[in-house]
Every structure is written in structure tokens, then in C-alpha cells.
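Engineer: First the structure, which I've put down as C-alpha cells, then a few questions once you've had a look.
The values are calculated or read from the model by the stated rules, or taken from the named source; none is laboratory data. In this text the structure is predicted, and so the values were computed from the model without any measurement. For neighbour counting, all protein chains shown are included, and Cβ atoms are generated from backbone atoms with ideal geometry for every residue, glycine included. Remember, those area values only see protein heavy atoms, side chains included, never the ligands or the DNA or RNA. Shrake-Rupley method; radii C 1.70, N 1.55, O 1.52, S 1.80 Å.
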Amino acid sequence: MICFLVFCVFSCYLIIRLVQRYVVISRQLHFIEKIPGPPLKSKILGNVEETICPPADMPTMAYARYKEYGSIFRLWIGGLPLVLVAEGKYAEVLFTSKCTEIKNEFYRFLYVWLGQGLLTSRGQLWQQRRKLITPAFHFSILSDFCEVFINNTLTLIDQLHQNPDGTLVNVMTQMKLIALDNICETAMGIKIDALKNPNHNYIRAVQDTSTMIMTRMTKPWLWNEVLFFLSPTGRKHWLDLSTIFELTDMAIKNRRCMREDKENHLRRESEEFEGSRKMAFLDLLLEACEKNSVSLSDEDLRDEVNTFMFEGHDTTAISMGYTLFLLGNHPEIQEKCHQELDDIFQGSKRKPTVGDLQKMKYLEQVIKESLRLFPSVPMLGREVAEDMQVGDYTVPKGALLSINLYNLHRDPKVFPDPDKFDPDHFSPEKSAGRHPYAYVPFAAGPRNCIGQKFALMEEKVVLSYILRDFQLESEHGLEDLKISFALIIRSQEDLNVKFTRRKSCQSHGS
């Protein structure tokens, strides 16, 4: 009798939930079907082609849909309504509306790595952390980080000088290594010497973790956490995360010890931490906690440091790699950059100052144009908390509103000849009057990227050093490039660039 009652109660609960879900889906479909998009052959599976689309084909498919249906269109993916936008006026709604403050469902795949860090947290927790972390990116702090960028770049330049003239270099690989050296030292105060030790376990773990998260996003059968982590693939994913956490936890323990006993910390530093006496992001975060009487556990600190590592490593490396590739395809633009640098340094080999970096106006235009064509994070998404108006359409509560930056930055009304690499797109004259949300490589609004000035400073240091010493020539043209979306925008092939020393290049230290 009791078993029968339990069965009846469970059956009623299940029926009620199914009815509730049916009502929600029916209501969402009522609005979604009014938005342009590919035919819904199945209202259960939705747009099957998009659901099973691998990351390698996603850019081509997304761009094709954009060209076919315009700057706002919808997809229905396994019961999830998805509205994609790619125009400044729509981007403004996404970034500024109170209805779109919550990151969408797919960000949950990052929780196991980034926890409740600044990227994934929401509400009051996010506001508290943002307020706490913002001072760490003050201009004066970034100026201190500049020395780290310079020292690691000199190591890179020395390595490049050891190659025979005309050597093909996989620029994406090299940029990932130097970006990792920079971020480990500035975020955690750790020197891992990735440039000298490219097979470091941490490097492989970060790469594999990033790829697996994107794979899970595009394969619904991997969405269930329990089933995924019981699988061989899931167990490997957890081992990669453990490798990442091990380094982060070691850094947190070390920096806490240093703050507790400042007089003796140098004696107790391990060889791996040798030379890491400058303030790192982790130190600044601990100091901010003390000043504001905020208590963060080791797990909280790990979430924030891992978030900074994730957002400030691969993204910056990708941007620098594409910039070098594009310059290698456009010698006339490359020479304009070199001329600007020659005007600043007058042929000397001195280290750049912060003032020098501010004078690199044309190089900054080049970096911005590279980010226009290849935004490091090509897609951003929000969950719609209430029915909201986007243009002429109502996007229903519970839908996912996503912006495709790859398409947004190719709006021909804003960027004529949008597939052409043209740094003059960001000249003062052409930038004047442009919609403020037509170009958003670092997102926008309250949840914009807190580290964008950090990234720009790092890129100017690394790229200026390379351009002062080398002429670049890419092995392949822009038309040969095949990209994929894997959390960040990746090239499916190596980006090989020929490095030839300039005739005026003299040995370092002169």
C-alpha cells in the first residue's frame, strides 16, 4: 500500500512537471517562431543541424545564418530557445538590460574550473568581488606588471635570435608560452618558464581543459555532470583540473605564508618561486581583503586566480598570434608599425617605458583591427530573466540571448569591406560617431572585461619588441585560414610565420 502511494505521488509530481514544462515551451515557441531563422523540422529536437554542429564548422555555419537571416535570428536547440544578435543596437540591449545580467546556461560548464569567480558569479557576490578586484587593475599597478612583460619578452627575442634567418615559427604556440609566463608571474607570482619548458604539465592541462569544455557545450550527451565524470573522458578532464588546481593552491599557500611572515619568506621560498618578490594579482587580492575586512577562503581565492589565468592567458595569446599572422600578410602595414617604433626608439635597443607604449597609436589600431576580425572570445551569452523587446521581436523569459562577435564585427554598415585587414578602421576619423556597441572584443556594460588594459599593455610590449627586430612573412594567406570556436577562436592549422632579422638589428644590450 505504501509503495503504491509513493508511486502515485511520484507519478503526479512527474505529470505536473511535464505539464509545466510543456506550458513554458509552448509559450516560448509562440514568440520564438516569429523571429527569423531556419525551419523548425522538429519542435522537440529543434534545429538538428546546429545541435550537432562541431566547433570546427560553427564559424562557417553561424556566418551563413547571419548572411541568410540578418543580424537577429533564432535557433531551437533541444528545447532551448536561442536568439543570436550581431548588430550594435541589439548588442547594446544585451549588455545594458537588467533582464540580461545572468550568464546563460552554458557557463555552468566552467563552474568545475572557475567556481564562483568573477566570470561566472552573479548578483551580490559578483558585485562584491568586482568592487574588491577593480583596484588591482589601476594604472599604477599595471605599470609594475610592465617589467614582467619586458623581461619575459627579452627571453622570447633571445630564443628567436638563435633561429637561422627565415625560420618558420608557429606564432600561436610561441604566444601561448609567453602569455603563460606573463600571467603566471603577474597573477600568482610564480615563474614556470614556459618558454624554456614548453612541455610543462600546466600548459597541457589548460589547453585540454579549455577544449573539453567547448566539446561538452556542443555535445548534449555530455551535459550530465555525473555521467560525464564517470566516463574515461570525464576522468581525464578531472585529472587536468587537478593539475591546474595544484599549481594555484601552491601559489595561494605560498603567498599567505609570505604575508604572515614577511621577514623570513625569502628563506622559505622554494626554487620555483625564486625571484617572485613583486606584488602579484594574488597579493593585491589578499591585501584588498584585509583593507575591506572581507574574508576569502582558499577556494574563493582559487576561483578568482583561475578566472584571471583563464581570461588573461589564452585570449591574449590568440590575439597576439593572429596579429603577427596578419602583419605577415600585409608588409605595408608591418612597415608602418616599424616606422612608428623607429620614431619612438630612434634605433636604440632600450626597454620601452609606459610613456613609449602610450605613443604606439598605430600599433594599437593594428591590435584592435586584429581583434575585430578574430575576437578572442567569439560568442557571449546571457539568460533572459523576463520577456524583453529586442528590436521588433519579443524574446521570451528563459531564452538564451547570445551575441556573435565574429559576425557583429563584420557588419558592412559599420566596417566597409569587412573581411579586409585595415587598421584605419580605428583611426580617430573613422572611429568618430561609430555605435559604441558595434565593436566589443572585451564585452561591454557592467560585466565588461576587467583586464582589457592589462591585455593591451602586454600585447604592445611583446609585439613591439618583435617588430623592432624582425620582418615577418606568413606562410599562408588569409583566404587559407580555417577557424573554429572552442571557447576562444582557434586556427585549425598552425599559423607559421617566417622571421627574418632586420639589417639594422643589433645585439641586445647595446
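Engineer: Among the lysines, which have Cα under 17 Å from the Cα of Lys351 when same-chain residues fewer than 8 positions away are ignored?
Structural biologist: List returned: Lys359, Lys460.
Engineer: Now for a separate question. Which aspartates and glutamates, if any, have their Cα less than 13 Å from the Cα of Lys503, not counting same-chain residues under 8 positions apart?
Structural biologist: Asp165, Asp469
Engineer: Using only the alpha-carbon atoms, how far is helix 314-329 inclined from the longest principal axis of the chain? Give it as 0 to 90 degrees, nearest 10.
Structural biologist: 60 degrees
Engineer: What trypsin sites (Lys or Arg not before Pro) in the range 405-510 are in a loop by DSSP, with at most 10 other Cβ atoms within 10 Å of the Cβ? Intermediate results must be reported in sequence, preceding the final value.
Structural biologist: Values: sites: Arg410, Lys413, Lys420, Lys430, Arg434, Arg447, Lys453, Lys460, Arg468, Lys482, Arg490, Lys498, Arg501, Arg502, Lys503; in loops: Arg410, Lys413, Lys420, Arg434, Lys482, Arg502, Lys503.
Answer by residue number: Lys503.
Engineer: Oh, and also: Quick check: the angle from helix 2-32's long axis to the longest principal axis of the chain, C-alpha only, nearest 10 degrees?
Structural biologist: 60 degrees
Engineer: Which pairs, out of Lys196/Lys430; Lys98/Lys236; Lys176/Lys219; Lys67/Lys131; Lys67/Lys368; Lys103/Lys430, put more than 31 Å between their alpha-carbon atoms?
Structural biologist: Cα-Cα > 31 Å for Lys196/Lys430; Lys98/Lys236; Lys67/Lys131; Lys103/Lys430; rest within.
Engineer: Accessible area, 1.4 Å probe, largest first: how do Glu147, Glu49 sort?
Structural biologist: Numbers: Glu147 90, Glu49 110 Å².
Largest accessible area first, the residues go Glu49, Glu147.
Engineer: Ordering Asp424, Asp411, Asp144 by accessible area with a probe of 1.4 Å, largest first, what comes out?
Structural biologist: Numbers: Asp424 60, Asp411 5, Asp144 95 Å².
So the residues, ranked largest to smallest area, are Asp144, Asp424, Asp411.
Engineer: Would you check the accessible area of Trp113, probe 1.4 Å, heavy atoms only, in square angstrom rounded to 10?
Structural biologist: 10 Å²
Engineer: Suppose all protein chains stay in the model; what accessible area per residue would a 1.4 Å probe give for the chain, in Å²? Walk me through the intermediate numbers first.
Structural biologist: Values: 23550 Å² over 510 residues.
Ligands and nucleic acids excluded, the result is 46 Å² per residue.
Engineer: Ignoring everything except DSSP H segments at least 4 long, calculate the 222 nm mean residue ellipticity for the chain; use -39,500 (n - 2.57) per segment, divide by total residues, nearest 500. Before the final figure, lay out each step's value.
Structural biologist: Working: 21 runs with 265 residues, N = 510.
Rounded to the nearest 500, it is -16500 deg cm²/dmol.
Engineer: Give the carbon-plus-sulfur fraction of the accessible surface of the chain in %, rounded to a whole number; probe 1.4 Å, heavy atoms of protein chains only. Could the numbers behind the result be given before it?
Structural biologist: On the way: 13150 of 23550 Å².
C and S fraction of accessible area: 56 percent.
Engineer: Quick check for me: using +1 on Lys/Arg Cβ and -1 on Asp/Glu Cβ, what's the dipole size of the range 86-237 about its Cα centre, in debye to the nearest 20? Present the calculation step by step, with values, prior to reporting the outcome.
Structural biologist: Details: 16 positive and 13 negative charges, 158 e Å.
So the magnitude is around 760 debye.
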